[in-house]
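The structure appears below as structure tokens.
The values are calculated or read from the model by the stated rules, or taken from the named source; none is laboratory data. Every value quoted in this text rests on a predicted model; they were computed, and no experiment measured them. For neighbour counting, all protein chains shown are included, and Cβ atoms are generated from backbone atoms with ideal geometry for every residue, glycine included. Note: areas computed on protein heavy atoms with side chains; ligands, DNA, RNA excluded. Shrake-Rupley method; radii C 1.70, N 1.55, O 1.52, S 1.80 Å.
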Amino acid sequence: MSNDNTPFLCLNENVIKTDLYILEVYGVNINGYDTFRTEFMKCIKPYGAFKLHVIVEDSPVKCIVKEYKDDIEYIYLPEIKQSRFRALEIYMKEAVLRSKRMIFLSNFFPVIFNVKIVRKLFPRAKFVHVIHDFPWLTVFGGNEKAYMNFIEHIDWEEQTGNDDKFVKYCTYDILESFGLSDVIICLCRSTYYMLKDFYGIDVRKIRLIQNGMEDYATFPQYSERLKIMRKYNIPESGLNALLVGRLTFSKGADRIANMLKLINQNESLNLVYAGDDNVLEWLSKDVSCNVIQVGFVSHEDLCALYSVIISFKA
């Protein structure tokens, strides 16, 4: 974001701060969106150039509720059951104060309601969308070529099943909303090329941020690896496989069992799962491994766990 119209970062306290609104949908479980917000806020706060706000849609509240935590304003909007565009417009108009510099950041689908309302209520604001993944690829088992072939030969007027309707709607959403967005941030190279080559999104709008952990080619000392293994009761012998994040079809959870079977098991296999779901629900009875479910862990512990995923012998 380097053009003259884009709000800039500055540590000068005399400069007018930019109001940055992160758009979210209410959820009861900790997921990747929570991790994204936490890490994003940690990075952005030191600049001192932003007033930070989090708008949480479909919250279990009866009216708009605002609260402040750690110098961040959280705005909770009531659940919308019908006439979504009109209701969301009313809530946003009441909850968000227009200012000279505004950025709205969304990281979920569908986004068309949000971007159209922002464009209507705050025409001078910037709209940024972060793509974590394409959820509609679930219908095609993650096969991008199958999805592209489907879209290229689809009859948009034909009445089809629920899966086809879902794919059609998501495709419409991405084409409409991304056309109205100022910046689109994608977290993997395949997403970048799909946006550029298949959807035809202007490359000047797209920013690629390679996702992933730090390079662990150099492993910690034996004592440090042993410390994290004992903390989470990981056996000190055998092969260690680490699985991180939500377990859904869109994340490929249905392929976990088959992938584990491909691992050469000349010695025992330890499957370490870091996340809030139950990995046992995705494993078949013929998968032979020792399952350790560690739940949601801190960033520091996750980095340490990545250091023990190769074969480790006591």
Notebook entry, point to check: open to solvent by 50 Å² or more (accessible area, probe 1.4 Å) and of a type in the set (Val, Ile, Thr), is that true of Val115?
Noted result: no
Next item on the list: Please go through the stretch 204-242 and pick out each residue that is among the aromatic types (Phe, Trp, Tyr) and either modelled with pLDDT under 80 or touching a Cys at 6+ places or on another chain (Cβ under 8 Å) (or both).
Entry: Tyr216, Phe219, Tyr222
Next item on the list: Report the residue count in the stretch 118-131 for those that are surrounded by fewer than 19 Cβ atoms within 10 Å (Cβ to Cβ) and at pLDDT below 90.
Entry: 0
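Conditions tested, residue by residue: (1) farther than 21 Å from Ala304 by Cβ; (2) of a type in the set (Lys, Arg); (3) in contact with a strand residue (DSSP E or B) (Cβ under 8 Å, 6 or more places away or on another chain); (4) modelled with pLDDT of 80 or more.
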| site | (1), (2), (3), (4) |
| --- | --- |
| Gly252 | yes, no, no, no |
| Ile256 | yes, no, yes, yes |
| Lys261 | yes, yes, no, yes |
| Asn266 | yes, no, no, no |
| Asp276 | no, no, no, yes |
| Val279 | no, no, yes, yes |
| Leu283 | yes, no, yes, yes |
| Asp286 | yes, no, no, yes |
| Asn290 | no, no, yes, yes |
Checklist line | Selection within the stretch 224-255 - under 30 Å from Gly141 (Cβ atoms), assigned to a helix (DSSP H, G or I) and open to solvent by 40 Å² or more (accessible area, probe 1.4 Å) | finding: Phe249, Ser250, Lys251, Asp254, Arg255
Next item on the list: State whether the residues of the stretch 280-301 include one that is in a strand (DSSP E or B), among the polar types (S, T, N, Q) and closer than 30 Å to Phe140 by Cα.
Entry: yes
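Hey, can you tell me all the residues within the stretch 192-205 that are open to solvent by less than 10 Å² (accessible area, probe 1.4 Å) and closer than 21 Å to Phe40 by Cβ? Give the steps one after another, and end with the answer.
Going residue by residue through the stretch 192-205, those that are open to solvent by less than 10 Å² (accessible area, probe 1.4 Å) are 194-195.
Matches in the stretch 192-205: Leu195 only.
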Checklist line | Residues within the stretch 136-190 that are modelled with pLDDT of 85 or more and closer than 22 Å to Phe36 by Cα, tallied | finding: 8
Next item on the list: Specify the residue that is nearest to Gly200 (Cα to Cα); the eligible residues are those in the stretch 160-188 that are exposed (fewer than 15 other Cβ atoms within 10 Å of the Cβ) and hydroxyl-bearing (Ser, Thr, Tyr).
Entry: Tyr172
Check: Quick one: which of Val15, Val25 is of a type in the set (Val, Ile, Thr) and modelled with pLDDT under 75?
Finding: Val15
Margin query: Could you list, ordered by first residue, the pairs with Cβ atoms under 8 Å in which the first is in the stretch 82-101 and free of Cβ contacts under 8 Å to residues at least 40 places away in the same chain and within 21 Å of Glu24 (Cβ to Cβ) and the second is basic (Lys, Arg) and open to solvent by 80 Å² or more (accessible area, probe 1.4 Å), at least 6 apart or interchain?
Written below: Glu89/Lys120
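Using the structure shown, decide if Phe104 is over 14 Å from Leu23 (Cα atoms) and either assigned to a helix (DSSP H, G or I) or under 23 Å from the mean Cα position of the chain (by Cα) (or both).
No: the conditions fail for Phe104.
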